[in-house]
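Bear in mind these aren't lab numbers, they're just calculated from the coordinates by the rules spelled out. Because the structure is predicted, anything quoted here is derived from the model rather than measured. Here the Cβ positions follow ideal geometry from the backbone for every residue, glycine too, while neighbour counts run over all protein chains shown.
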Amino acid sequence: MRKTTNRHAPVLTRTERRGFAFLTFTHIADDLYSGAVPALLPFLALERHYSYAGLTGIMLGATFLATVVQPGFGALTDKHRNLGWLVAAGLLVAGLGIGVSGLGDSYLITWAAVAASGIGVAAYHPEATRVARGLARDSTQAMSWFTVGGNAGIALGPVIVTPVLLATRLHGTPLLALPAVAMAAVLAVRRPWLAPEVSAREEGRKRATAGQPDDWHGFRRLTAVVVLRSVAYFGVASLVALFAIRHFHEPTAVGSATLATFIGAGVIGTLGGGWLADHWQRI
C-alpha cells in the first residue's frame, strides 16, 4: 500500500455544513426503513407464524427489487436535473410502505408494502447522493458522514421498531411512518437540491470529466465486491434477531438489540474509512 497524505481536504462553509447536516438527517430517516424490515421479521414470525422461507422472501422483496430499480433512478437523475423532488417522495414512500406492512393478515399485502418501501428507499438515494456531493465539495470524509447517516438509520430501525411493536403489535406499524412524513414535509419546504452550490459544482464536475472514458473494468470489479458484501450483510441482518430468539430462547428485545449491535458496528468502520480515504489516496 502506498501512503500518500492529502493535505488539501475541502473545508466546508457554515452554510454548507448546515445544509449537509440536514441532508444527513434525511438519510438517517430514509435508511431507518431499511433497518425496520429485519426488525419486523421476528414479529411476523411470532404473530403470523411465517416460515424462514417466507421471512427471507419479504426481505428479498425489500432488497432485491430496490437493487433492480435503483440504477433506473440513477439514470433518470443523470439525464434530468429537475428531479430533486425524488428525495422527499422516495422518503415518504419508504415510510408509508412500512406503515402499511403490518395491516391485515395477507402475506401478499405485507410483501407488496415492504417492496414499495424498498423502492422508496431506492428512489431517495441517487438524487440525495448527488446533492450531498455538491454540498460536501467532494470531501470523502464529509461523504462518509453522509454514509454514516444511512448506517445510523439502519441501526435505529430495530431500536425504534421493537418498542413500538412490543406495545402495539403489528397493528401499530402506521406509527412507524411518522418520521418519514415529518421529514418529507420539511424537505418539501427547504428543498436542498435547489442550493446554488449544488448545481454549480455539478456543472464543474461535468466539464472536468467531459471526454473521459468510463472505466467499466474497474466498475465490474467494484460491483462484484459490493454484491458479495451485500449477500453476507443482508443474510446476517435478515435472520440474526430471529436466531437469537429461537436458538438462545431470548426475548424479542434481545434479538432486536443483537441486530442493532451488528448494524451499529458499521458506523465505526465507515467513519474510519472516510478519514483514511481523505488522508491516503490508495488503500
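Where does the Debye-calculated log10 I(q)/I(0) of the range 21-147 sit at q = 0.12, 0.16 Å⁻¹, using only Cα point scatterers of equal weight, no solvent? Cα-only, vacuum Debye calculation for the range 21-147: -0.48, -0.77. Comparing mean-square fluctuations of LEU46, LEU23, LEU222 from a GNM of the chain with C-alpha springs under 10 Å, the top value falls on LEU222. Highest mean packing first, where packing is the average number of other Cβ atoms within 10 Å per residue, the peptides 254-265, 84-95 line up as 84-95, 254-265. A Gaussian network model of the chain, with springs between Cα atoms under 10 Å, assigns the largest mean-square fluctuation among ASP105, ASP78, ASP215 to ASP215. Taken one residue at a time, the phi angles of the range 119-126 give Karplus couplings (6.51, -1.76, 1.60, θ = phi - 60°) of 5, x, 4, 5, 5, 5, 5, x Hz. Gly and Pro are set to x. Only one item in (1) 18.5, 56; (2) 21.8, 64; (3) 19.5, 60 matches Rg and Dmax of the Cα atoms in Å derived from the coordinates shown, and that item is (3). In order along the range 145-151, the Karplus-derived 3J(HN,Hα) couplings, from 6.51 cos²θ - 1.76 cosθ + 1.60 at θ = phi - 60°, round to 5, 4, 5, 4, x, x, 4 Hz, and Gly and Pro are given as x. Taking amide H positions as modeled 1.01 Å from N, with prolines and chain starts lacking one, the residues under 5 Å from TRP280 and 5 or more places away or on another chain are ASN6. 3J(HN,Hα) along the range 92-107, derived from phi through the Karplus expression 6.51 cos²θ - 1.76 cosθ + 1.60 where θ = phi - 60°, amounts to 5, 5, 4, x, 5, x, 5, x, 7, 4, x, 8, x, 10, 8, 4 Hz, with x in place of Gly and Pro. Largest mean-square fluctuation among THR13, THR140, THR162, in a Gaussian network model of the chain whose springs join Cα atoms under 10 Å apart, belongs to THR13. Helical content of the chain, expressed as a calculated mean residue ellipticity at 222 nm, amounts to -28500 deg cm²/dmol (DSSP H runs of 4 or more residues, -39,500 (n - 2.57) each, divided by residue number, nearest 500). Cβ-Cβ distance of HIS171 and TRP275, R₀ of 51 Å, FRET efficiency by 1/(1 + (r/R0)^6): the value works out to about 0.70.
Could you compute how fast the range 87-155 diffuses translationally, taking Rh as the Kirkwood radius over C-alpha pairs and applying Stokes-Einstein at 10 °C with viscosity 1.306 mPa s? Give it in µm² per second. Taking Rh from Cα pairs, D becomes 121 µm²/s.
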